[in-house]
Amino acid sequence: LLTGTAELTVAGALPERTTAARRADNTLTRIASRAATATALGDGLTALISGLTVAAAAVVGVQAVADGRLEGVALAVVVLTPLAAFEAVLGMPLAVQYRQRVRKSAERVLDVLDAPVPVREPEQPRQAPASPFPLVVRDLSARYAGQDRDALSGLDLTLEQGRRIAVVGPSGSGKTTLAQVLLRFLDARAGGYTLAGVDAYALDGDDVRRLVGLCAQDAHLFDSSLRENLLLAKRDATEEELRDALGRARLLEWTRSLPDGLDTLVGEHGARLSGGQRQRLALARALLADFPVLVLDEPAEHLDLPTGDALTADLLAATEGRTTLLITHRLAGLEAVDEVIVLDEGRVVQRGPYAELAGADGPLRGMVRQEAEADLLVGAR
Ligand SMILES: Nc1ncnc2c1ncn2[C@@H]1O[C@H](COP(=O)(O)OP(=O)(O)O)[C@@H](O)[C@H]1O
Ligand SMILES: [Mg+2]
């Protein structure tokens, strides 16, 4: 609500959201007040009972001393023992409260632990190949749980070492789904893929993800320094390696200009960086990880067109000679890749080298035309 105040004000949705927040706050206050009442009652009752017990012990003790049945010194023991005994149960009301709270937390944790595993893992994973080449996708179809149509169907592709393939297509055509399947975040419904001839589903998912890496559409940046965000990819990276990755993502000049350099904090979700810098940092991290196969999912998606095209150009330069699957909905720069696959509604509708597709009548030609019109509108070209 706080970070989105500007948008909510513009959309006129602020009063409604504020009311909802206020309602939630009231509920929270009620819960807190109920908990406080319980604590107070518990504490009060304990104090009352222990007070009464001590008083009663004192009365009985004093009488005993007066009657000569008890020595004066022993009176202290009689009066103080109940006090000491109550100290042992003083924590009980609090313990009851904690018990309830922990049980609720445990329920939530167990919900997660009991949830069905979304992807199947082999019972006895095979040894991962040292190198994943060639990565061959055969007749791959995938569907999300609860959906009645495939998000991706009948896809074939082969990534030899050093080959770069671009996957293009309108929003919702199945591009991200392909990345999800290749990283084993989603199971294939039919078909599958092999790494150096080994069925990917016979391998441990983590082993697959060491061979196939992803720079996701919305790569997460941690609320920490530039350096820490990079080191996630490679714990023991040297200063030299960090600089190299930043250089290839074209961030080096900028980081050098910062007073704190690599120790500059990026803010929550990278809020202190521009959109382009965020994506470049995510790219630098992916390059640093040095995956044998790198999947880039719409790295330029949230950027304005000139910034996005500049990023695409730089990443195509940075991935030259590296096996890459570039997912994008922009066509700028794709002359550089070996093959372009055009998806529509989960199916391959056209494939081949960019120049060939752009020269032929077909879906890509249509996309080129649309893109040129869009560029004219925003004055990108
Ligand atoms: N988690 C999901 N659950 C159900 N359907 C999904 C999910 N993610 C994507 N889809 C559907 O799968 C299709 C392909 O989506 P996606 O691969 O994300 O497309 P793209 O990345 O090309 O925009 C779309 O119809 C989309 O609505
Ligand atoms: Mg997508």
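The values are calculated or read from the model by the stated rules, or taken from the named source; none is laboratory data. All values derive from a computational prediction rather than experimental measurement. Cβ atoms come from the backbone with ideal geometry, glycine included; neighbour counts cover every protein chain shown. Accessible surface is based on the protein model in full, side chains and every heavy atom, while ligands, DNA and RNA are left aside. Shrake-Rupley method; radii C 1.70, N 1.55, O 1.52, S 1.80 Å.
With respect to (1) at pLDDT below 90; (2) surrounded by fewer than 22 Cβ atoms within 10 Å (Cβ to Cβ), the lone exception for residue 292 is condition (1). Examine region 339-353 for a residue that is touching a residue at least 60 places away in the same chain (Cβ under 8 Å), open to solvent by less than 30 Å² (accessible area, probe 1.4 Å), in contact with an Asp or Glu (Cβ under 6 Å, 6 or more places away or on another chain) and within 16 Å of ligand 1 (Cβ to nearest atom), and state whether such a residue exists. Among the residues of region 339-353, at least one is touching a residue at least 60 places away in the same chain (Cβ under 8 Å), open to solvent by less than 30 Å² (accessible area, probe 1.4 Å), in contact with an Asp or Glu (Cβ under 6 Å, 6 or more places away or on another chain) and within 16 Å of ligand 1 (Cβ to nearest atom), which makes the answer yes.
From the list 298, 320, the one residue that fits, being assigned by TED's automatic domain parsing to the domain that holds residue 223 and open to solvent by 50 Å² or more (accessible area, probe 1.4 Å), is 320. Is it the case, given these coordinates, that residue 281 is surrounded by 15 or more Cβ atoms within 10 Å (Cβ to Cβ), assigned by TED's automatic domain parsing to the domain that holds residue 208 and in contact (Cβ under 8 Å) with a residue 60 or more places away in the chain? When the stated conditions are applied, residue 281 passes them. Regarding residue 69, is this residue surrounded by fewer than 13 Cβ atoms within 10 Å (Cβ to Cβ), assigned to a loop (DSSP other than H, G, I, E, B) and in the same structural domain as residue 41 (by TED's automatic domain parsing)? Yes: the conditions hold for residue 69. Against the numbered list (1) of a type in the set (Ser, Thr, Tyr); (2) at pLDDT below 95; (3) more than 16 Å from ligand 1 (Cβ to nearest atom), residue 194 comes up short only at (2).
When residue 325 is tested against (1) away from ligand 1 (no atom under 16 Å from the Cβ); (2) among the hydrophobic types (A, V, I, L, M, F, W, C); (3) at pLDDT 90 or above, just one condition goes unmet, and that condition is (1).
Can we say residue 154 is surrounded by fewer than 21 Cβ atoms within 10 Å (Cβ to Cβ) and touching a Gly at 6+ places or on another chain (Cβ under 8 Å)? Judged against the criteria, residue 154 is a match. Restricting attention to region 167-198, the residues that are part of a loop (DSSP other than H, G, I, E, B), away from ligand 2 (no atom under 16 Å from the Cβ) and more than 14 Å from residue 152 (Cβ to Cβ) add up to 3. Kindly establish whether residue 267 is modelled with pLDDT under 95, touching a His at 6+ places or on another chain (Cβ under 6 Å) and either open to solvent by less than 30 Å² (accessible area, probe 1.4 Å) or more than 16 Å from ligand 2 (Cβ to nearest atom) (or both). Considered against the rule, which asks whether it is modelled with pLDDT under 95, touching a His at 6+ places or on another chain (Cβ under 6 Å) and either open to solvent by less than 30 Å² (accessible area, probe 1.4 Å) or more than 16 Å from ligand 2 (Cβ to nearest atom) (or both), residue 267 comes out as no.
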